[in-house]
Each structure stands twice: as C-alpha cells, then as structure tokens.
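Inspection log for the structure reproduced underneath, given as structure tokens.
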Amino acid sequence: MYSNYSDQQLLNLLRADNVAAFNAIYERYSKPLYLYILSKLETGEISKDVLQDLFVSLWEKRKQLHISESLKSYLYQSARHKVIDIYRKNTSYRKYLQQLIEHFDAQPENITEAVDYKAKNQEILEAINHLPGRMKEIFMLSRLEHQSIEQIAQRLGLSQQTVKNQITKALKILRSHQDLRS
C-alpha cells in the first residue's frame, strides 16, 4: 500500500504512529541494511539482533525524529553506530579477559598454583562466556569498567533494580558453576 510513498511521506506517517508506514520502511530497508551489517560483523545472529535494535529504536524515537538527511542515510548511519558499539563492547570484553588472565598469572607462588589458577581462570572465562547476552554485558560493565548500578542503568536504559537483579543472577550462576567444578 505504501510502497510508492517517498521516504519523507513515510516518515511523516511514522511520526503519526502509522504502523503500516513503519512496515513499509522495514520492507524497503531491512534486507540491504542486514547485508550491510552482516558485512561488518560476519555473524548472522548478531547482525539480526543489530537490525532488530535499529528498527525498534526507529519506532521508539519516531516522535522525536528530526532527520536532516535522507531516511536511508539516517538508517545506515544508525547501523554504523550500532556496529561500532558492538566492536567497542567486544574490545572491552577482551580487555577484561586479559586483565583476569594477568591477575591470575601474577598471583601464584609456584608452578602447581599457576596451573590451578590458569584452570580456574579458564573455567571462569567459560562461565562468563555462557551468560545470556544482556546479563554478560551488565556484568562486564560492572566488573570491567567499574560502573555503578546507576551508570549501567542509565547507559542501557534499564531500571536500577533490573541491573541489580542481573548482576546478582550472574554472580549466582558463576558461583554455582564454580561449585559444580569443585
């Protein structure tokens, strides 16, 4: 129905809460945006998540949208920023893992302790890696970047209680994982 509308017309309808206009924008841009994101991330699941986040954000911000350039440029720029965020988070995660490794490597007094520390370190890294995505992100922000619950909540647009709950659950999972290994 809206396939012949211009991007500007679709944007005007979108600002007026028109779901069909949103669907037309999605139909028009989702496939090329997905291919663009996939070319930058090279993993299908993460690329799909980024695409979904992009369109959820578009819908949530529809009333405040002031797009000076074209809708296409805006969407690709948004995708670019989301991809950069993924890389930034991965860099932080790798830095955190390196800090853990260095910490455990610096602690042992002898070879036996070194082996034990490395084994425990590997177990901890595996356990952290198996946390659900959002929980892992919150845990990493808390433990790696030493952000407060309030800062994390504000950064991720979550309530402070949700952040507390996620950190508590992550710690429980990690402790139970460690207890199973003992």
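Descriptive notes on the structure:
- Taking the criterion of being not in a helix (DSSP H, G or I) and not hydroxyl-bearing (Ser, Thr, Tyr), the residues of the range 129-171 that qualify are His130, Leu131, Pro132, Leu144, Glu145, His146, Gln147, Gly157, Leu158.
- Residue match in the range 87-96 (condition: assigned to a helix (DSSP H, G or I), surrounded by 13 or more Cβ atoms within 10 Å (Cβ to Cβ) and modelled with pLDDT of 80 or more): no
- Hey, Ser68 of a type in the set (Gly, Ala, Ser), modelled with pLDDT under 80 and within 15 Å of the chain's Cα centre (by Cα) or not: no
- Number of the condition not met by Ile67 [criteria: (1) touching a residue at least 12 places away in the same chain (Cβ under 8 Å); (2) among the hydrophobic types (A, V, I, L, M, F, W, C); (3) crowded, with 16+ Cβ neighbours inside 10 Å]: (3)
- Within the range 26-39, being surrounded by 16 or more Cβ atoms within 10 Å (Cβ to Cβ) and of a type in the set (Lys, Arg) holds for one residue alone: Arg28.
- Some residue of the range 44-62 being surrounded by 12 or more Cβ atoms within 10 Å (Cβ to Cβ), farther than 30 Å from Pro132 by Cβ and without any contact (Cβ under 8 Å) to a residue 24 or more places away in the chain: no
- Count of residues meeting criterion [crowded, with 18+ Cβ neighbours inside 10 Å and either in contact (Cβ under 8 Å) with a residue 40 or more places away in the chain or within 21 Å of Val50 (Cα to Cα) (or both)] in the range 153-169: 1
- Taken residue by residue, the range 11-18 has at least one member that is outside any helix (DSSP H, G or I), among the acidic types (Asp, Glu) and more than 17 Å from the chain's Cα centre (by Cα).
Let's see how each residue does on (1) open to solvent by 60 Å² or more (accessible area, probe 1.4 Å); (2) modelled with pLDDT of 90 or more:
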position	(1), (2)
Glu123	no, no
Glu126	yes, no
Leu131	no, no
Arg134	yes, no
Glu137	no, no
Arg143	yes, no
Gln151	yes, yes
Ile173	yes, no
Ser182	yes, no
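- Residues considered: Asn4, Asn18. Of these, the only one that is polar (S, T, N, Q), open to solvent by 70 Å² or more (accessible area, probe 1.4 Å) and at negative phi is Asn4.
The values are calculated or read from the model by the stated rules, or taken from the named source; none is laboratory data. Not measured: the values here are computed from a predicted model. FYI the Cβ positions are ideal-geometry reconstructions off the backbone, even for glycines, and counts take in every protein chain you see. These area figures cover heavy atoms from the full protein model, side chains too; ligands, DNA and RNA do not enter into them. Shrake-Rupley method; radii C 1.70, N 1.55, O 1.52, S 1.80 Å.
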